[in-house]
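Visitor: Below are the structure tokens for one structure; questions will follow.
The values are calculated or read from the model by the stated rules, or taken from the named source; none is laboratory data. The model shown is predicted, which means the values in this text are computed figures rather than measured ones. Note: ideal-geometry Cβ built from the backbone for every residue, glycine included; neighbour counts use all protein chains shown.
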Amino acid sequence: MPTCPFCDSADTVRETPFGTSLMVARHYCRTCRSFFENIKWGDREADLDLPGFLRPDRDDPERPA
Amino acid sequence: MIQTVATYDSLEGMVAPCPEGLHHLITACADTKLLLGYHYGEWTFGTPELEAAVASCSLSQAELGHVRLLHAILKKHWNEDPEGLVERRGSSQFANLSFLDAPLADWSDFVAMNAVVDLAITHVLHSLRGCAFLPVQGSTEKMLDEERYHAHHGRGWFRTLASRDGTRERLCAATARALASAALWYGPAGEPEDEALVAGGFKSATNPDLFGALESDIRAMAAATDCRLPPIPAPGFGNWNPATRRPAGTAPDDEILYHLRGTRNAIFKLN
């Protein structure tokens, strides 16, 4: 889970997989009780529920450099 | 895996029927994404959860963005008019996956569209990542990055509906219809344009192989739930046409095209 952008706490939970746009998820900080959005692109992809051919960590010789 | 023999910045030097095959395939993907965008947009309201409405609106925006990307390729290399593709073609010329021809009856249809139809096009895009036609190769990764979230959303709702006694049966029926529609859209084994595209390094898998992969994904997802999908009947491929990928006599609903097009607002156009 991402750390809170307001208080840096790591005690956060994901509220919903989509926020105000497709690229963000909505999170809640249990420490400062703030909601925040997090851009999902990149390192969060490993958390996605995907069929095998779309998993970013798959050994994939076809993926262009 | 694509064995690229040569790469192309334009259609020059490409051997027939590859230019026509690419033209048909890109048009079919763009048409399906256009109808996906319409249906996703329509479900900005009426969803079972407010969060699903926000997601559906976002999914629609992504699909329409992909349409613009694909139409730009069609314009530059095949001299297609993007406005004409949307506004002025006859309905029977649309090469979208036929599950999208009619209004979606309920949320189970929506979830089948998201989990099956959207993923069907994503399988095609995935097979184009190493495409010998570089403008296509260059556009696929962006679309695939976004499609990961579409797949994630569809699978989440699939598992939710499949876990409930009141919704499981309708979901399974809608999923089976979506799969049957996808089988027909992909086309028959040995189709000349498809074979040429694979042999020429434009695609990494034939259309029947892509359907097999799609069906395998969907059945694996369903098998982890109590959703029991029936066997998908063999499609009737008689007179299957790669330009339209649909049975003769079928077309998107006129009412859908009326709302999708800007025809009735033509006098308000800015240029």
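Visitor: If a residue has to be more than 9 Å from chain A (Cβ to nearest Cβ) and surrounded by fewer than 18 Cβ atoms within 10 Å (Cβ to Cβ) to count, how many in region B:141-150 make the cut? Let's see the steps before the verdict.
Guide: Initially, region B:141-150 is screened for residues more than 9 Å from chain A (Cβ to nearest Cβ), giving B:142-143.
Still in the list and also surrounded by fewer than 18 Cβ atoms within 10 Å (Cβ to Cβ): B:142.
Adding up the residues that qualify gives 1.
Visitor: While we're looking at this one, here's another question. Just a yes or no: is a residue in region B:74-82 modelled with pLDDT of 95 or more, surrounded by 15 or more Cβ atoms within 10 Å (Cβ to Cβ), more than 14 Å from chain A (Cβ to nearest Cβ) and not in a helix (DSSP H, G or I)?
Guide: Yes; the residues of region B:74-82 include at least one that is modelled with pLDDT of 95 or more, surrounded by 15 or more Cβ atoms within 10 Å (Cβ to Cβ), more than 14 Å from chain A (Cβ to nearest Cβ) and not in a helix (DSSP H, G or I).
Visitor: A follow-up question, please. Which of the residues spanning region B:177-203 are free of Cβ contacts under 8 Å to residues at least 60 places away in the same chain and of a type outside the set (A, V, I, L, M, F, W, C)?
Guide: Narrowing region B:177-203 to residues free of Cβ contacts under 8 Å to residues at least 60 places away in the same chain: B:180, B:183, B:187-191, B:195, B:198-199.
Result: B:GLY187, B:PRO188, B:GLY190, B:GLU191, B:GLU195.
Visitor: Let me ask something else about it. On the given criteria, is B:ALA28 crowded, with 24+ Cβ neighbours inside 10 Å, within 20 Å of B:LEU119 (Cα to Cα) and either in contact with a strand residue (DSSP E or B) (Cβ under 9 Å, 6 or more places away or on another chain) or without any contact (Cβ under 8 Å) to a residue 60 or more places away in the chain (or both)? Talk me through it step by step, then tell me what you get.
Guide: Values: crowded, with 24+ Cβ neighbours inside 10 Å: yes; within 20 Å of B:LEU119 (Cα to Cα): yes; either in contact with a strand residue (DSSP E or B) (Cβ under 9 Å, 6 or more places away or on another chain) or without any contact (Cβ under 8 Å) to a residue 60 or more places away in the chain (or both): no.
Taking the combined requirement at face value, the residue does not satisfy it.
Visitor: Would you pick out the residues in region B:39-68 that are surrounded by fewer than 18 Cβ atoms within 10 Å (Cβ to Cβ) and under 19 Å from the mean Cα position of the chain (by Cα)? Steps first, answer last, please.
Guide: Of region B:39-68, the ones surrounded by fewer than 18 Cβ atoms within 10 Å (Cβ to Cβ) are B:42, B:44-51, B:53, B:61, B:64-65, B:68.
B:GLU42, B:GLN61, B:LEU64, B:GLY65, B:ARG68 - these are the residues of region B:39-68 that are surrounded by fewer than 18 Cβ atoms within 10 Å (Cβ to Cβ) and under 19 Å from the mean Cα position of the chain (by Cα).
Visitor: Let me ask something else. Is there a residue being surrounded by fewer than 21 Cβ atoms within 10 Å (Cβ to Cβ), farther than 30 Å from B:THR7 by Cβ and free of Cβ contacts under 8 Å to residues at least 12 places away in the same chain anywhere in region B:204-212?
Guide: Looking through region B:204-212, none of the residues is surrounded by fewer than 21 Cβ atoms within 10 Å (Cβ to Cβ), farther than 30 Å from B:THR7 by Cβ and free of Cβ contacts under 8 Å to residues at least 12 places away in the same chain.
Visitor: Follow-up. Within region A:36-49, does at least one residue satisfy the condition of being modelled with pLDDT of 85 or more and more than 11 Å from chain B (Cβ to nearest Cβ)?
Guide: Looking for residues that are modelled with pLDDT of 85 or more and more than 11 Å from chain B (Cβ to nearest Cβ), one finds at least one in region A:36-49, hence yes.
Visitor: Let me ask something additional. Under 17 Å from the mean Cα position of the chain (by Cα) and part of a helix (DSSP H, G or I): does that describe B:ALA95?
Guide: Numbers: under 17 Å from the mean Cα position of the chain (by Cα): yes; part of a helix (DSSP H, G or I): no.
So B:ALA95 fails the test.
Visitor: Of all residues in region B:123-140, which are in a helix (DSSP H, G or I), over 16 Å from the mean Cα position of the chain (by Cα) and within 7 Å of chain A (Cβ to nearest Cβ)?
Guide: B:GLN137
Visitor: Need the failing condition index for B:TYR149 against (1) within 22 Å of B:PRO242 (Cβ to Cβ); (2) not in a loop (DSSP other than H, G, I, E, B), just the number.
Guide: The one condition B:TYR149 does not meet is (1).
Visitor: So which pairs qualify, if the first residue must be in region B:50-68 and at the interface with chain A (Cβ under 10 Å from one of its Cβ atoms) and among the acidic types (Asp, Glu), the second must be buried (at least 23 other Cβ atoms within 10 Å of the Cβ) and not in a helix (DSSP H, G or I), the Cβ gap must be under 9 Å, and the two must be at least 6 apart or on different chains?
Guide: These pairs meet every condition: B:GLU51/A:PHE18.
Visitor: Report yes if some residue within region B:129-150 is under 30 Å from B:GLU169 (Cβ atoms), at pLDDT below 90, hydroxyl-bearing (Ser, Thr, Tyr) and out of contact with any Phe, Trp or Tyr (no Cβ under 6 Å at 6 or more places or on another chain); otherwise report no.
Guide: Yes: one or more hits.
Visitor: Moving on to the next point. Quick one: is B:ALA105 under 23 Å from B:PRO230 (Cα atoms) and within 12 Å of chain A (Cβ to nearest Cβ)? Talk me through it step by step, then tell me what you get.
Guide: Values: under 23 Å from B:PRO230 (Cα atoms): yes; within 12 Å of chain A (Cβ to nearest Cβ): no.
When the stated conditions are applied, B:ALA105 does not pass them.
Visitor: Among the residues of region B:158-180, write down those that are buried (at least 22 other Cβ atoms within 10 Å of the Cβ) and within 12 Å of another protein chain (Cβ to nearest Cβ).
Guide: The one that is buried (at least 22 other Cβ atoms within 10 Å of the Cβ) and within 12 Å of another protein chain (Cβ to nearest Cβ): B:PHE158.
Visitor: Might you check whether a residue that is more than 14 Å from chain A (Cβ to nearest Cβ) and on the phi > 0 side of the Ramachandran plot occurs anywhere in region B:199-218?
Guide: Filtering region B:199-218 for residues more than 14 Å from chain A (Cβ to nearest Cβ) gives B:199-200, B:206-208.
Then keep just the ones that are on the phi > 0 side of the Ramachandran plot; that gives none.
Looking through region B:199-218, none of the residues is more than 14 Å from chain A (Cβ to nearest Cβ) and on the phi > 0 side of the Ramachandran plot.
Visitor: Residue by residue through region B:184-237, note down the ones that are in contact with a helix residue (DSSP H, G or I) (Cβ under 7 Å, 6 or more places away or on another chain), under 27 Å from B:SER139 (Cβ atoms) and among the β-branched types (Val, Ile, Thr).
Guide: If the condition is that a residue be in contact with a helix residue (DSSP H, G or I) (Cβ under 7 Å, 6 or more places away or on another chain), under 27 Å from B:SER139 (Cβ atoms) and among the β-branched types (Val, Ile, Thr), then B:THR206, B:ILE218 are the ones that fit.
Visitor: Checking B:HIS153 against (1) surrounded by fewer than 23 Cβ atoms within 10 Å (Cβ to Cβ); (2) within 14 Å of another protein chain (Cβ to nearest Cβ), which test does it fail?
Guide: Against the list (1) surrounded by fewer than 23 Cβ atoms within 10 Å (Cβ to Cβ); (2) within 14 Å of another protein chain (Cβ to nearest Cβ), B:HIS153 comes up short only on (1).
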